[in-house]
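Visitor: First the structure, which I've put down as structure tokens, then a few questions once you've had a look.
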Amino acid sequence: MAIKSDRWISRMAREHRMIEPFEESQVRQGAISYGLSSYGYDVRIADEFKIFTNVNTTIVDPKNFDPRSLVDFKGPVCIVPPNSFALGRTVEYFRIPRNVLTVCLGKSTYARCGISVNVTPFEPEWEGHATLEVSNTTPLPARIYANEGIAQVIFFESDETCQTSYRDKKGKYQAQRGITLPKV
């Protein structure tokens, strides 16, 4: 398994539509950077969010998720309450090749402010918008800037294809669009 370079990512994006929309270079001026980097791709968070709230005194249960525990918000800046989190999604839509696995890590600009981003790996042949969990670990409200960088995706290519891909097993989050809530 090898980490893939910017040249490989660019070729895969152009020839196989692996990332759409695709930004060929880093966009930095006046923004938290996004786009192609040396060995990965910095994704943007879209302008739609689901912010956790305790207004309806629901219980968070991954097997029986109650959407009333979330408040929908759309806008250029999302305020995540102290010690809370919000769900978002990538601007980019991904189509992962059968011999590739990705790992996604939060950007250091947010990490240095106590804001963590959690994304599960993109499995071979998964496609869709990635749902992002953005945690504010601080005792203060935190700003998240829509349409700017939030996390970096690192691509690992195997020298052989997997026996069973995400598409083969009919994964429950296949071809997701928008923010997708937990499913069992």
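No lab work stands behind these numbers, since they all come straight from the coordinates. Here the structure is a predicted model, which is why all the values come from computation and not from measurement. Cβ atoms come from the backbone with ideal geometry, glycine included; neighbour counts cover every protein chain shown.
Visitor: Kirkwood Rh over Cα pairs of the range 41-82 into Stokes-Einstein at 4 °C, 1.567 mPa s: D in µm²/s?
Guide: Values: Rh = 11.9 Å.
So the translational diffusion coefficient is about 109 µm²/s.
Visitor: Using the Karplus curve 6.51 cos²θ - 1.76 cosθ + 1.60 with θ = phi - 60°, work out ³J(HN,Hα) for each residue of the range 73-88 in order, rounded to whole Hz, and write x for Gly and Pro.
Guide: 9, 10, x, x, 9, 9, 9, 9, x, x, 6, 9, 7, 9, 9, x
Visitor: Return the sequence-ordered ³J(HN,Hα) values of the range 8-24 in whole Hz as given by the Karplus equation 6.51 cos²θ - 1.76 cosθ + 1.60 applied to θ = phi - 60°, using x for Gly and Pro.
Guide: These are the phi-based 3J(HN,Hα) values: 5, 4, 4, 4, 5, 5, 6, 7, 10, 6, 5, 9, 9, x, 10, 9, 5 Hz.
Visitor: Treating each Cα of the range 87-165 as an identical point scatterer and ignoring solvent, apply the Debye formula and state log10 I(q)/I(0) at q = 0.22 Å⁻¹.
Guide: Calculated log10 I(q)/I(0) at the listed q: -0.98.
Visitor: Another question, if that's okay. Take the Cα atoms of the chain, find their three principal axes, and give me the spread along each one in whole Å, biggest first.
Guide: 49, 41, 23
Visitor: Karplus couplings for the range 177-184 from phi (6.51 cos²θ - 1.76 cosθ + 1.60, θ = phi - 60°), rounded to Hz, Gly and Pro as x?
Guide: 10, x, 7, 10, 7, x, 10, 10
Visitor: Another question, then. How about the range 77-175: which GluC sites (Glu not before Pro) there lie in a loop by DSSP and see at most 15 other Cβ atoms within 10 Å?
Guide: In loop regions of the range 77-175 (DSSP not H, G, I, E or B), the sparsely surrounded GluC sites (Glu not before Pro) are 160.
Visitor: Between 45, 19, 79, where does the largest GNM mean-square fluctuation fall for the chain, given springs only between Cα atoms within less than 10 Å?
Guide: Among 45, 19, 79, the largest mean-square fluctuation in the Gaussian network model of the chain belongs to 79.
Visitor: Within the set 4/170; 50/74; 50/183, which residue pairs have Cα atoms separated by over 20 Å?
Guide: Cα-Cα > 20 Å for 4/170; rest within.
Visitor: Percentage of Cα-Cα pair distances in the range 21-61 greater than 12 Å, rounded to whole percent? Show your work: numbers first, answer last.
Guide: On the way: 569 of 820 pairs.
For the range 21-61, the fraction of Cα-Cα distances above 12 Å is 69 percent.
Visitor: Considering only DSSP states other than H, G, I, E and B, which GluC sites (Glu not before Pro) in the range 1-49 qualify as loop sites with at most 14 other Cβ atoms within 10 Å?
Guide: On the way: sites: 15, 23, 24, 48; in loops: 23, 24.
Taking the range 1-49 and a limit of 14 other Cβ atoms within 10 Å, the loop GluC sites (Glu not before Pro) found are 24.
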